[in-house]
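Peer 1: Quick one: the structure is below, questions incoming.
The values are calculated or read from the model by the stated rules, or taken from the named source; none is laboratory data. None of the values given here were measured: they were computed from a predicted structure. Here the Cβ positions follow ideal geometry from the backbone for every residue, glycine too, while neighbour counts run over all protein chains shown. For accessibility, only protein heavy atoms count, side chains too; no ligands or nucleic acids. Shrake-Rupley method; radii C 1.70, N 1.55, O 1.52, S 1.80 Å.
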Amino acid sequence: MLKRILLLRGTEIIALMLLASIPLTVNNSYVLGLLTLLTIYGILLIGLDVTVGYLGQVNLAQAAFLGLGAYAAALSVTVLGFGMMGALGVSMLIGLVLGGLLAFPALRLEGPQFALATLSFSALATTVLNEWDGLTGGAQGLSLNRPDFFGHAYDAPGFYWLCLIMLALVWMAMRNLLASQWGRAFEALRDSPIATDAMGVGTFRHKVAGFALGSSLGGLAGGLYAFNFQYLQPQSFTYDLMVILLLGVVLGGRKSLWGAFFGASLIVLLPNLLSNRLLFEIISAAGLLLAVAAGSRGWMKKTTRPFQALAPVVAMGLLVVGGFMVENTENWRKAIFALMLFSVVVGLPDGIMGFAARYLTRLFRIAPSTLPSASNLDDVLPLKQSDNGVLLELKDLKRYFGGVKAVDGICMTVRKGHVHGLIGPNGSGKSTAVNVISGLYAPTAGEVLLLGIALPTGSLFKVARAGVSRTFQNLQLFGELSALDNVMLAMKGAYRVPLPLVLLGLSKAEGHRAQADALALLELVGLKDQARVHAKDLTYGSQRFLEIARALARKPELLILDEPAAGLAHPDVSVLVSIIKTIRQRGITMILIEHHMDVVSELCDVVTVIDSGQVIAQGTADEVKRDPKVIKAYLGAAADEADATPVPA
Ligand code: ADP
Ligand code: MG
């Protein structure tokens, strides 16, 4: 156990001790200043990495949050007479609240629009800091004194240690958070926001929380920044800094605490890098070597195209040669940043730490922690007694897309414990119907009742919370997560520990339980041995089964399977049939959209046939098969189709 902790955390502990001991041996205020700045930027970039790395959004507001936090701390001290800890608390709170307020409207936007929203926010923030000179001193700047610590003035090493402790705390809290359900949700919503909502996790709330959290770290870093420099000016927090911060995250490596730290070191060293020619040449030469190493590796493994491998080498070569040729590297700093950024984006998409991590993990070869044994299935999916009452009712349900009446007045009753087949030709509105039930689309008219109560409309998340779970005709897995994590993420009722305790690392027990439960569901679909495999690396059939296991983790009242057999080979279809039988034995009601009539006959208690958005027949599989309307509209055409692999519509 201790050995494991040392193996896993040893580097972190050693790095922390090394950093803490430097002031004892090196008595140089310049070095100490750089180190203090390193810890502050470390916190700032860890915060920025939440949005840029984990949420995958271009966030241009972090420099502004640094400034707002800095001014908040300064004013708390100068105007309100707060102590240092109180002032830092205010800085974090400002980041959290303003970050949350910005995230609410902005995160409804996508990609470039989100970036623009954060850009406007920074412009607004710096303008306010500049123009509200009654409070902030405007362009004149604002001076403050570092408050005492229980009557003791912080000297430079003391303040550095304080910053280092803050960084260590932030580091631990973020590691706990990212290893928890929260971290999984952050990763999942990048892969499939739709599935994140459909699994009852809530894309939007996690985005907002992540952004607010990242911004609060920006605020905290700002507070420390204020006490470090003891003089603030609005123009320190504008576009230039923002670009450098992004450079730091991308260079260091996204989605990694070490990457953020490494990026912070680069940012802190940049001014020195530019003013010290020897250092500049050493770093550029190291960059060139790295570009050659990464390029030739990619070339040999054929993972990168020749241009992709060569371009960074040329760019870094330019830097080395250019360094000898120009008079003053500082005048060229924007061009230098551009070359560096270009090289990293093209040559090392995972950043420098991401590249190094591939070698480091091979070097240390840490065995993944052993998995718990699977829970008893009866505990995960308790057997439901079904009284054959009505579970779901569709009342004259309609959904139009412009002029297309995809669903045009469907009435349908699904009874508890049944497998209810939904069949019909391609384009007849089956997927649209279940998309309306599950909340992906709002109905144009009509009602959906679950156990007699109207289901929420137009929200996958709310419908999922109401007890409806589903799979998708076009797979919506979290490709970057392991099979186990895919199922764990959706596990209903497993996560109860509130966020503050998660940050303290007190959610491990519930994580273990969720793991054991998820394993039981993977076992049900025959994927227990592939629990650690990334979803994107599973075979197509296994991906379909994984989606079913994940949907089951919601412990649903109603499970909707939209063409689970589409694209499956014959042996896999038999596996699917036995999986669905097992699920039925547990008393879970299902709506099954399916083209293979033999599968429908074998599994379904009731079948509804739709054509052009309307119900044309309803009854047992045998009854509808003999119905002339069904033969005319569907079976005549599907008879040939059922043998071939049905084409997903
Ligand atoms: P099925 O699942 O039965 O093959 P769908 O429900 O996918 O059929 O489609 C029914 C009809 O609705 C088709 O004509 C399809 O083109 C149309 N449709 C489905 N989704 C949309 C959408 N998001 N926007 C516009 N038209 C759509
Ligand atoms: Mg469909």
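Peer 1: Which residues, taken from region 115-161, are part of a loop (DSSP other than H, G, I, E, B) and among the polar types (S, T, N, Q)?
Peer 2: Hit for region 115-161 is Asn145, nothing else.
Peer 1: Still on this structure: Suppose we filter region 344-358 for residues that are outside any helix (DSSP H, G or I) and crowded, with 19+ Cβ neighbours inside 10 Å; how many remain?
Peer 2: The qualifying residues number 1.
Peer 1: Here's something else I'd like to know. Any idea which of Leu290, Leu310, Leu341 is farther than 19 Å from Leu247 by Cα and at pLDDT 75 or above?
Peer 2: Only one candidate passes the filter, namely Leu310.
Peer 1: Residues that are closer than 19 Å to Pro425 by Cα and open to solvent by 30 Å² or more (accessible area, probe 1.4 Å): find the strands (runs of 3 or more DSSP E) completely inside region 558-613 holding 2 or more of those.
Peer 2: 606-611
Peer 1: Could you grab me the full set of residues in region 406-430 that are near ligand 1 (Cβ under 8 Å from one of its atoms) and surrounded by fewer than 23 Cβ atoms within 10 Å (Cβ to Cβ)?
Peer 2: Ala406, Pro425, Asn426, Gly427
Peer 1: Now for a separate question. Which number in (1) open to solvent by 30 Å² or more (accessible area, probe 1.4 Å); (2) among the β-branched types (Val, Ile, Thr); (3) part of a helix (DSSP H, G or I) marks the one condition that Val268 misses?
Peer 2: (1)
Quick grid of which residues meet (1) assigned to a helix (DSSP H, G or I); (2) closer than 18 Å to Val250 by Cβ:
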position: Leu32; (1), (2): yes, no
position: Leu35; (1), (2): yes, no
position: Leu44; (1), (2): yes, yes
position: Leu48; (1), (2): yes, yes
position: Asn59; (1), (2): no, yes
position: Gly69; (1), (2): yes, no
position: Ala72; (1), (2): yes, no
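This table checks each residue for (1) open to solvent by less than 30 Å² (accessible area, probe 1.4 Å); (2) over 11 Å from the mean Cα position of the chain (by Cα); (3) among the charged types (D, E, K, R).
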{"position": "Leu164", "(1), (2), (3)": "yes, yes, no"}
{"position": "Leu177", "(1), (2), (3)": "yes, yes, no"}
{"position": "Ser180", "(1), (2), (3)": "yes, yes, no"}
{"position": "Ala188", "(1), (2), (3)": "yes, no, no"}
{"position": "Asp197", "(1), (2), (3)": "no, yes, yes"}
{"position": "Gly200", "(1), (2), (3)": "yes, yes, no"}
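Peer 1: Name the one entry in Leu213, Leu224 that is modelled with pLDDT of 90 or more and either assigned by TED's automatic domain parsing to the domain that holds Arg333 or open to solvent by 20 Å² or more (accessible area, probe 1.4 Å) (or both).
Peer 2: Leu213
Peer 1: Would you please name the residue that is most open to solvent (accessible area, probe 1.4 Å), looking only at residues in region 508-545 that are away from ligand 2 (no atom under 16 Å from the Cβ) and in contact with a Pro (Cβ under 9 Å, 6 or more places away or on another chain)?
Peer 2: Arg513
Peer 1: Among the residues of region 559-587, how many are farther than 16 Å from Leu524 by Cβ and within 16 Å of ligand 1 (Cβ to nearest atom)?
Peer 2: The total comes to 6.
Peer 1: Assigned to a strand (DSSP E or B), under 14 Å from Ile593 (Cα atoms) and either within 16 Å of ligand 2 (Cβ to nearest atom) or among the aliphatic types (A, V, I, L, M) (or both): does that describe Gly421?
Peer 2: Yes: the conditions hold for Gly421.
Peer 1: For region 546-589, give me each residue that is assigned by TED's automatic domain parsing to the domain that holds Leu460 and within 16 Å of ligand 2 (Cβ to nearest atom).
Peer 2: Those that are assigned by TED's automatic domain parsing to the domain that holds Leu460 and within 16 Å of ligand 2 (Cβ to nearest atom): Ile560, Leu561, Asp562, Glu563, Pro564, Ala565, Ala566, Gly567, Leu568.
Peer 1: Among the residues of region 492-518, write down those that are of a type in the set (A, V, I, L, M, F, W, C) and under 22 Å from the mean Cα position of the chain (by Cα).
Peer 2: Across region 492-518, the qualifying residues are Ala494, Val497, Leu499, Leu501, Val502, Leu503, Leu504, Leu506, Ala514, Ala518.
Peer 1: Before we move on, is Ala442 open to solvent by 20 Å² or more (accessible area, probe 1.4 Å), outside the structural domain of Met199 (by TED's automatic domain parsing), in contact with a strand residue (DSSP E or B) (Cβ under 9 Å, 6 or more places away or on another chain) and within 16 Å of ligand 1 (Cβ to nearest atom)? Reasoning before the result, please.
Peer 2: On the way: open to solvent by 20 Å² or more (accessible area, probe 1.4 Å): yes; outside the structural domain of Met199 (by TED's automatic domain parsing): yes; in contact with a strand residue (DSSP E or B) (Cβ under 9 Å, 6 or more places away or on another chain): yes; within 16 Å of ligand 1 (Cβ to nearest atom): yes.
Spelling it out, Ala442 is indeed open to solvent by 20 Å² or more (accessible area, probe 1.4 Å), outside the structural domain of Met199 (by TED's automatic domain parsing), in contact with a strand residue (DSSP E or B) (Cβ under 9 Å, 6 or more places away or on another chain) and within 16 Å of ligand 1 (Cβ to nearest atom).
Peer 1: Filtering region 445-465 down to residues that are closer than 30 Å to Arg532 by Cα and surrounded by 21 or more Cβ atoms within 10 Å (Cβ to Cβ), which residue is nearest to ligand 2 (Cβ to nearest atom)?
Peer 2: By that ranking, first place goes to Leu460.
Peer 1: Another question, if that's okay. Which one of these is assigned to a helix (DSSP H, G or I) and over 22 Å from the mean Cα position of the chain (by Cα): Leu521, Leu484?
Peer 2: From the options Leu521, Leu484, the qualifying one is Leu521.
Peer 1: Please indicate, with yes or no, whether at least one residue in region 618-625 is crowded, with 18+ Cβ neighbours inside 10 Å and within 37 Å of the chain's Cα centre (by Cα).
Peer 2: No: zero hits.
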